[in-house]
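Please treat every number below as a calculation from the coordinates, not as lab data. Note that this is a predicted model, so its numbers are computed, not measured. Glycine also receives a Cβ, built like all others from the backbone with ideal geometry; neighbour counts cover every protein chain displayed.
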């Protein structure tokens, strides 16, 4: 689902014009981004938690040339799904094998 599809679905499900639905989606996303920039975690109950992961600077290699390069430190967003989201994704899979280590 793209952002445009999300806006379309929101305007269809709620009595909102498409422009208002777009504004609402943008406000929510901007607030999540702002909180992550501040180093805060964003916990959406039943859905999951967004957090910031910090990667330290390190030395790497260009796979094409083998040349050593310096990779600078960076921050990245992480998402950990909540129990309710995980459970809803796995409905109907109770009979399926989920533990690959038990194949002895």
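With 0.36 nm allotted per residue and the present C-alpha distance subtracted, the residue 47-residue 29 stretch has 5.0 nm of extension available. Arranged from fewest to most other beta-carbon atoms within 10 Å of their beta carbon, 11, 53 become 53, 11. Counting 0.36 nm for each residue step from residue 3 to residue 56 and taking away their Cα separation leaves a gain of 15.9 nm.
Computed on the chain, with alpha-carbon pairs under 8 angstrom and 6+ residues apart, the relative contact order is 18 percent. Of the options (i) -0.38, -0.44; (ii) -0.64, -0.70; (iii) -0.75, -0.83, only one is log10 I(q)/I(0) by the Debye sum over Cα atoms at q = 0.12, 0.13 Å⁻¹ as computed from these coordinates, and that is (iii). In the chain, the calculated helix contribution to ellipticity at 222 nm averages -11500 deg cm²/dmol per residue, counting -39,500 (n - 2.57) for every DSSP H run with n ≥ 4. Straightening the chain between residue 38 and residue 79 buys 13.1 nm, computed as 0.36 nm per residue apart minus the Cα-Cα spacing.
By other beta-carbon atoms within 10 Å, ranking 89, 16 with the fewest at the front produces 89, 16.
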